[in-house]
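Quick notes on the structure that follows.
The values are calculated or read from the model by the stated rules, or taken from the named source; none is laboratory data. Since the model is a prediction, treat every value here as computed from it, not as a measurement. Because the Cβ atoms are built from the backbone with ideal geometry, glycine has one as well, and the counts that use them run over all protein chains shown. Just so you know, the surface numbers come from the protein's heavy atoms only, side chains and all, with ligands and any DNA or RNA stripped out. Shrake-Rupley method; radii C 1.70, N 1.55, O 1.52, S 1.80 Å.
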Amino acid sequence: MEAEAVTSKEASSDSIAVQITGMNKWYGSFQVLIDINLTVYEGERIVICGPSGSGKSTLIRCINRLEEHQEGTIIVEGTELSSDLKNIDLIRSEVGMCFQHFNLFPHLSILDNCTLAPIWVRKTPRKEAEETAMYFLEKVKIPEQALKYPGQLSGGQQQRVAIARSLCMKPRIMLFDEPTSALDPEMIKEVLDTMIELAEEGMTMLCVTHEMGFARQVANRVIFMDEGQIVEQNEPEPFFGNPQNDRTKLFLSQILGH
Amino acid sequence: MESAAFVRTEMAAARPPPSMDMGPVGWMRQNLFSSWLNSILTILALLGIFFALVSAAPWLIQSSWTATSLNGCREAIAEAYGEGTHGACWAVIRERYLQMFYGFYPRDSYWRPNLALVMLFVALAPVLFTSLPRRMLWFSAVYPFLGLWLLWGGSFWIVISILFGFFVGYAVLTILMRMFGQLAGVVGGALAAVLYWVILTGTVADLLHAVIPLGIEPVESARFGGFMLSTTIGVTGIACSLPIGILLALGRKSDLLIVKSICVGFIEFVRGVPLITLLFVASTLLNIFMPPGTNFDLILRVVIMVTLFSSAYIAEVVRGGLASLPRGQYEAADALGLDYWKSMRLVVLPQALKVSIPGIVSTFIGLFKDTTLVSIIGLLDPLGLANAIRADANWNGIVWELYVFIAALFFVFCFAMSRYSMYLERKLQTGHN
Ligand SMILES: Nc1ncnc2c1ncn2[C@@H]1O[C@H](COP(=O)(O)OP(=O)(O)OP(=O)(O)O)[C@@H](O)[C@H]1O
Ligand SMILES: [Mg+2]
């Protein structure tokens, strides 16, 4: 396992997937993100962790413009995020996202959940979209649920469908916002396995998660955030073995301590 | 003492569920007499039903169907069932039912509203039941023009000419879209269609009519009445108020300040004003604002007012549905790259409307019953006709029979709508959320 993880970790290239420079964001008068600078290369897997309220969700939601930033630049796959609606839709179709609460569409079957965006955004013919959907549902190991509705699936299954739904758009970057924190331990493993598989195939990933085992195994870099700032970032080995900042030390001792 | 340890040696097989069939006595014990309170309520309710039936039945049954006046009725009933018997005088319905249905519509043209009604059901079927072939929706799309033409008559070329307006709009839209982009296309297309309808429809229809006369006898609005009038106003109002209401609800939630203010202002104004005042505005005031000589049909004015009125209510019902959706649904749609209209149409509205079905149908039922208010501005809907009939010397003094009849017919329509909404809710049920 270790060897495999190491080889896949070297897969990152030199071309840039996401570049954030000097980004600041406020909610009203409260500054959530302070001077964020972050470069993510194609094929990199980044894990973002930090205490609750530190701005992790806000940061990755800025990357597909679910939240708007006020200062600085964010360039995703060569396109700068501005208030130009065309750019936003373009970037959103290149960036997949998985949410803590899955957010599947309850009125559509699993298959229709997966084909909706390819058909209406990418204009893929229905038949082809369904084939792609079945391919990815097989990949997340639930092809037999294709005709059910989200309400009939377990949490872990729903999250895997959500991953498959994003993958159907053939995104170049995947964002995960605590994809396992609403799940029971048993289901956490099945979702993490899916994500590990995705990582091994070289997908560019930004994951907000507290699953430190996952971080050690697949991340190229771990980013620690506190009070809206990036406090420390490093490769997993030194990050966990030899944290520098006191806040990081405290956080890691709390999360790994017991 | 028994040991706490337990190891199953053999797995038990699953069994079919226990039978729920408990026979009529068991059913009654469980549902009607499960407790003292329940038994008392059951008995009281049965007594209530019994007395209501006992007091109404003789009046309903010991009745006269054949007389030609109220006094005739009374004599016939006294003769048949003895002096002093109270009985219903159904003869008035027998004599006037055609008027109650069609108002003063020309008798030899009754087939036109009849055909329009049959075609209405054909047009509604594919809208209401998704299992029917989707191609039938084309008929539903053309029906509004066809149905209104059947009712009011006139040259058939008007229908063709109006439909041609859509074609004009679409042509301009595609051309402009290719040259200047989506926004210009939509605006230009809509503008072209409206201009065509306002300026050219009549002329084009007249020209075509001069070449090939094709049409049916026109019927003026003053002859419309009875249930035909209620249904015309009700169905048109329902069909128009749903889309307008949805747009108003979306507008009210919009980020665009102007759009939002207009929608909020409209909704709050219309909801704050009684329908009756709107109808009075339609019947009297509007004429003052119109250029002199314009003949703006009264029924059309009423339909517009009724539509505006109920679309404000629909908007609020739909807004409730929109608010009930978790924010995650909007975010997931955005994250997948769906634009505003697509995410509304494919993700948000199907769910919001499903939640709003009971409220929407209530509003429709209310609208349909409110069509009886038009009797106040002099239109001869069933209630207006009832007043006219009661003013007739022959039927002076008759009350119950007419209103029971009207109530029964309205009940059938409204109950059907209510049942349909329950069917729809059941059908759209998908899992536990
Ligand atoms: N819409 C909003 N309006 C105002 N403040 C907000 C909003 N969303 C988040 N915040 C605040 O911004 C800060 C960062 O929130 P964020 O959700 O990014 O934290 P997080 O690191 O993801 O926390 P958690 O681990 O609990 O998910 C928090 O203090 C939160 O209260
Ligand atoms: Mg969060």
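Suppose we compare each residue of the stretch B:302-341 in its chain alone and in the full protein complex with a 1.4 Å probe; which ones drop by at least 40 Å² of accessible area?
B:GLN329, B:GLU331, B:ALA332, B:ASP334, B:ALA335, B:LEU336, B:GLY337, B:LEU338
For peptide A:119-132, how many partner chain Cβ atoms fall within 10 Å of a residue's Cβ, on average?
1
For the stretch B:395-433, state which residues have at least 20 Å² less accessible area in the presence of all protein chains than in their chain by itself, taking the probe as 1.4 Å and leaving out ligands, DNA and RNA.
Buried by the other chains: B:THR430, B:GLY431, B:HIS432, B:ASN433.
May I ask for the accessible area buried between chains B and A, both sides summed, probe 1.4 Å, to the nearest 100 Å²? Let's see the in-between values first.
Values: alone 26840 and 12210 Å², together 37000 Å².
Accessible area lost upon association: around 2000 Å².
Going by alpha carbons, how many degrees (0 to 90, nearest 10) lie between the helix axis of A:110-120 and the longest principal axis of chain A?
Between the helix axis and the principal axis of chain A, the angle is about 80 degrees.
In the structure shown, do any of A:LYS141/B:LYS253; A:LYS56/A:LYS139; B:LYS260/B:LYS427; A:LYS127/B:LYS260 have a Cα-Cα gap over 32 Å, and if so which?
Correct reply: A:LYS141/B:LYS253; B:LYS260/B:LYS427; A:LYS127/B:LYS260.
Please report the relative contact order for the stretch B:1-143, taking Cα pairs under 8 Å with a sequence separation of at least 6, and give it as a percent rounded to a whole number.
Relative contact order of the stretch B:1-143: 13 percent.
Starting from one equal scatterer on each C-alpha and no solvent at all, send me the Debye-based log10 I(q)/I(0) for the stretch A:44-141 at q = 0.17, 0.19, 0.22, 0.23 Å⁻¹, two decimals.
-0.98, -1.12, -1.24, -1.26
Could you tell me the extents of the stretch B:38-89's C-alpha atoms along the three principal axes, largest first, rounded to whole Å?
Each principal axis gives a Cα extent; for the stretch B:38-89 these are 49, 18, 11 Å.
Leaving out ligands, DNA and RNA, and with a 1.4 Å probe, what % of the accessible surface on the protein assembly as shown is carbon or sulfur? Mind showing how you got there, number by number?
Details: 23720 of 37000 Å².
Carbon and sulfur atoms account for 64 percent of the accessible area of the protein assembly as shown.
Just to confirm, what accessible area per residue do you get for the protein assembly as shown at 1.4 Å probe, in whole Å²?
Value returned for the protein assembly as shown: 54 Å² of accessible area per residue.
So what's the stretch B:187-241 giving for Cα Rg divided by 2.2 N^0.38 Å, two decimals?
Rg over 2.2 N^0.38 Å, computed on Cα atoms: 1.58.
Per-residue Cβ counts within 10 Å, from other chains only, averaged over B:344-353: what number is that?
3
Per-residue counts of other Cβ atoms within 10 Å, averaged by peptide: what ranking do you get for B:41-47, A:87-93, B:9-15, B:19-25, highest first? Let's see the in-between values first.
Numbers: B:41-47: 11.7, A:87-93: 19.4, B:9-15: 5.4, B:19-25: 7.7.
Packing proxy ranking, top to bottom: A:87-93, B:41-47, B:19-25, B:9-15.
Hey, what D do you get for the protein assembly as shown in µm²/s if you plug the Kirkwood alpha-carbon radius into Stokes-Einstein at 20 °C and 1.002 mPa s?
Translational D for this selection: 68 µm²/s.
Restricted to Cα positions, what overall size does chain B have along the principal axes? Three whole-Å values, descending.
98, 81, 42
Which Cys residues of chain B have no other Cys beta carbon under 4.7 Å away?
Cys with no partner Cβ under 4.7 Å: B:CYS240, B:CYS263, B:CYS414.
For chain A, count all C-alpha to C-alpha pairs, find those more than 28 Å apart, and express that count as a whole percent of the total.
Within chain A, distances greater than 28 Å cover 33 percent of Cα pairs.
Relative contact order for chain B using alpha-carbon pairs under 8 Å, separation at least 6, rounded to a whole percent? Working shown, then result.
Working: 430 pairs, mean separation 66.0, N = 433.
It comes to 15 percent, rounded to a whole number.
In deg cm²/dmol, rounded to 500, what helix-only [θ] at 222 nm does chain B give when every DSSP H run of at least 4 residues adds -39500 (n - 2.57) and the total is split over its residues?
Only helices count here, giving -22500 deg cm²/dmol.
How big is the stretch B:154-216 by Rg and Dmax over its Cα atoms, in Å?
13.7, 44
Residues of the stretch A:88-118 losing 40 Å² or more of accessible surface, assembly versus chain alone, probe 1.4 Å, please list them.
A:ASP89, A:ARG92, A:ASN103, A:PHE105, A:PRO106, A:HIS107, A:LEU116
Under DSSP H, which helices of chain B have Cα atoms covering 27 Å or more of the helix axis and a Kyte-Doolittle average no less than -0.5?
Length and hydropathy pass: B:36-61, B:157-180, B:226-252, B:298-324, B:349-370, B:400-427.
Counting each pair of different Cα atoms once, what's the Kirkwood radius of the stretch B:299-407 in Å, rounded to one decimal?
One over the average 1/r among Cα pairs gives 17.2 Å for the stretch B:299-407.
Determine the relative contact order of the stretch B:169-308: mean sequence separation of Cα pairs under 8 Å and six or more apart, normalised by residue count, in whole percent.
Once normalised by length, the contact order is 20 percent.
Of the peptides B:306-315, B:58-67, how do they stack up when ordered by the mean number of other Cβ atoms within 10 Å, highest first?
Ranking, from highest mean packing down: B:306-315, B:58-67.
When a/c is below 1.5 the answer is rounded, else prolate if a/b is larger than b/c, else oblate, so apply that to the stretch A:109-181 with a ≥ b ≥ c taken from the square roots of the Cα gyration tensor eigenvalues.
It comes out oblate by the Cα gyration axes.
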